Amino acid sequence: MTQPAPAGIVRPKGLRHRLMRILLFAVLGTFCLYYLLPLFIMMATSLKSLDEIRTGTLVSLPRQITFDAWLKAWGSACVGVRCDGLKPYMWNSVLMVVPAVAISTALGAVNGYALTKWRFPGANTIFALMLFGAFIPFQVVLLPMARTLGVLGLAGSVTGLILVHTVYGLAFTTLFFRNFFMGVSDGIVQAAKIDGAGFFGIFSQIVLPMALPAIVVTVIWQFTQIWNDFLFGVAFTVGDSNPVTVALNNVVNTSTGVKEYNVDMAAAIIAGLPTLLVYVLAGKYFVRGLAAGAVKG
Amino acid sequence: MSQAAKRGLAARRILERQLPKIVVSPLFAASLFFVYGFIAWTVYISFTRSGVLPSYTLDGLSQYIRLWATPRWQVALSNLFIFCTLFITLCTVIGVLLAILLDQRIRIEGVIRTVYLYPMALSFIVTGTAWKWILNPGLGIERLMHSLGFANFHFDWLVNPQMAIYTVVIAGVWQSSGYVMALFLAGLRSVDDEIIKAAAIDGAGPLRTYASVVLPIMRPVFLSSFIILAHLAIKSFDLVVALTGGGPGYATDMPATFMYSFAFQRSELGTAAASAVMMLATILAVIVPYLYSELRGASK
C-alpha cells in the first residue's frame, strides 16, 4: 500500500497538485470498492439460480434475476429440522429488541439523571462500579446467568433474553445519559428545585425534553447491539425462541442436501437489513453513539 | 396548619430527598448481582472440581492446571495472539490512512464516510456468512481469479488449518477498520488549525506535518482505538462461529469459542469457568490502566 502525500494542508498549485488529487481519489475509490464489494457479491449471489452460481463467478451479474432464494430464505429454508425460513426468528428478534431497548434506555435515562443532577455521596463510585459492566467479557457471566434463568423459569425464552439484554445494556445506557447530563447546566435544575418541583417532575418536564438527542443515540446503539447479538442468543435460547442471528447461522450450517449459497446470502441480507436501514436513515446518530462508546468517563 | 399536615409535609420532603437514592438503588443492586455476583460465582467455580454439575468443594488450582495443559486452549491463545496483533495493526493503519485522506477537503466526504462505516452496523454473523462465501475454496475468490486468467491461483485458507485464522483477520478488518477511521476523523477535526499553519510556515511538508505534528497530538485517539479493538478481539466469538465454526478441527478456536464449547457442548463447567476467568483477567489487564489514567486525568 503506498501512501500518497496528503495534499490538504499546503496546497501547491499546478500539475503536481492535480496529480496528488487524482491519486487521492484513486485510493479513496479503491477502498470504497473494498467495503462495497462484499455487499454487492451478497446481493448478486442472492439473485442468481444455483446453476448460475456454479457456472459464473462471484462478481458476475445475474443473467436472469430470480427472487426464489429470497422467498425461500424468508419462508421455507430449513433451520435445523424446522423449515419455515427466517420469518419466525425475525419476529423473535423484534419481540426481544423492542422491550429490551425501551426498558434499558428508560432505566439508563433515570439513572444517569439521578447520578448527575441529584448528586449524593457515593454517586460517582456507584457510577464507576456500574460502568465496569460495560467492559466485562460476557463469557464470565454465561454460566451463572444460564442457571439464574433456569431458576426464574425463563430458560430458553425470549423473555429471558429481554432480561439479559436489559441488565447488561444498563451500563451503556447509563454511561450515555450520564455523559449527556454532565453537559447540561445544573442551573436549570436548581431553579426548578427552588420552585418546588420534585425529582420526577423535573425529569419529565425539563430534563427529558432536552435529552432527545441522547435518547436517539442510545436507542440506536442499543438496537444495533441487541439485534446483532449472537452470544446470548445462542447460549440462552433453543430452537423456536432463537433470535434471527442464531437462525441465520443455523441456516448456513444446516448440512442436509445441496449447499444453497443464494439462500444463505439472501438470509444474511434479511438478517442484516434492520440495522443497515437504521444506519442509512440515522447514520449521524449511529456515529455519535460509536464515539460516545469510545470516549468513556 | 395542623400538626398532622406539618408532619406529612416533612415526611414527603424526606422522601423527596431520598428519591434519587431510591431510584438508583435497585439498578445498582441489579448490577451488583448480575455483574459482580456472577463474576464471583464463576471465579469460585473455577476453583472447584465442577463437571457437568457445579460442585462447591474447593479444589485449588486444578482447573487452571488442566486448562493450561489442554492443547486446544494453547491453540486458542496463540490464535488470539495472531488475531489481536494483525487485527489491531491493520485496522489502525487503514483507519488512520483513510481518516487523513478523507480530511483533505473532499466534497463527497459524507458519502464516502457512510460507505466506509456501514459494515460496523452489521452483525458479525452476517459478515462471517458473507466472507465464508467469498473465500469459498472452490466457487469463491479462486474461481474469480481463474476467470481473470490466473489459472494457477490457489486459495484454500478457509479449510487450511495453518491459514484459516487469517480469514478471520480478513473479515474482522473489513468490518472494523471503518470504525477506526471515524474515530481518527473526529480526532483530526479537533486539531487546532493554528498548529498546522505554524508547521506549514516552518516549512514542514504535508507528510512531515502529519508524521511529526498531527499524529503525536492524536495519542489519546490511538489509545482509545487500541482499547476498543483489543476489547473486540478478545471477545470475538460470533465472527469465528460464522466464518469457520472454530475449524477445521479446532484450528481457529479462540478463548471465547473455547469457553462456549466447554460450557455448553462438553459441559465441563470448571474448565469453562477457568477459561472465562482468564479472559476477564486479560481484559482487565488492558482496561484497568486505561480507566485509571482516564479517571485520574478527569479529576485533575
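The values are calculated or read from the model by the stated rules, or taken from the named source; none is laboratory data. Small disclaimer: the values here were computed from a predicted structure and weren't measured. Reconstructed Cβ throughout: ideal geometry from the backbone, glycine too, with neighbour counts over all protein chains shown. With ligands, DNA and RNA removed, areas are computed over all heavy atoms of the protein, side chains included. Shrake-Rupley method; radii C 1.70, N 1.55, O 1.52, S 1.80 Å.
A few comments on the model shown:
- Taking one quarter of the surface of the C-alpha convex hull of chain A gives a mean projected area of 22.9 nm².
- Accessible area of B:GLU194 (1.4 Å probe, protein heavy atoms only, ligands and nucleic acids ignored): about 110 Å².
- Residue-averaged 222 nm ellipticity for the protein assembly as shown, from DSSP H runs of 4+ at -39500 (n - 2.57), nearest 500: -22000 deg cm²/dmol
- Shown here is the pair-distance distribution of chain B: with all Cα-Cα distances grouped in 10 Å bins from zero up to the longest one, the shares run 5, 19, 23, 22, 15, 9, 4, 2, 0, 0 percent.
- Shielding of peptide B:224-233 by partners, expressed as the average count of other chain Cβ atoms within 10 Å per residue Cβ, is 2.
- Shielding of peptide A:272-284 by partners, expressed as the average count of other chain Cβ atoms within 10 Å per residue Cβ, is 3.
- FRET E, pair A:ARG18, B:ILE201, Förster distance 25 Å, beta-carbon r, rounded to 0.05: 0.55
- Segment B:97-153, Cα convex hull volume normalised per residue, Å³: 131 Å³
- Normalising the average separation of contacting C-alpha pairs (under 8 angstrom, six or more residues apart) by the number of residues puts the relative contact order of chain B at 28 percent.
- For the protein assembly as shown: Kirkwood Rh in Å [reciprocal of mean 1/r, alpha carbons]: 26.2 Å
- Computed on the Cα trace of segment A:15-66, the radius of gyration divided by the Kirkwood hydrodynamic radius gives Rg/Rh = 1.27.
- The slack in the chain from B:THR57 to B:ARG12, taken as 0.36 nm per residue of separation less the alpha-carbon distance, amounts to 11.2 nm.
- In order along segment A:81-88, the phi-based Karplus estimate (6.51 cos²θ - 1.76 cosθ + 1.60, θ = phi - 60°) of 3J(HN,Hα) comes to 9, 8, 10, 10, x, 7, 3, x Hz; Gly and Pro are listed as x.
- The distance from the alpha carbon centre of segment B:209-279 to that of segment A:115-157 is 21 Å, rounded to a whole number.
- Cα→Cβ-extended label distance, 7 Å offset, between A:VAL151 and A:SER60, nm: 6.0 nm
- Across segment B:131-182 the C-alpha pair distances fall into 5 Å bins from zero in the proportions 5, 19, 23, 20, 16, 10, 5, 1 percent.
- Cys residues of chain A counted as unpaired, since no other Cys beta-carbon is under 4.7 Å: A:CYS32
- For B:12-23, mean number of other protein chain Cβ atoms within 10 Å: 4
- Put the Cα centre of segment B:22-90 next to the Cα centre of segment A:23-84 and the gap is 39 Å.
- Rg(Cα) / (2.2 N^0.38 Å) computed for segment B:159-270, rounded to two decimals: 1.56
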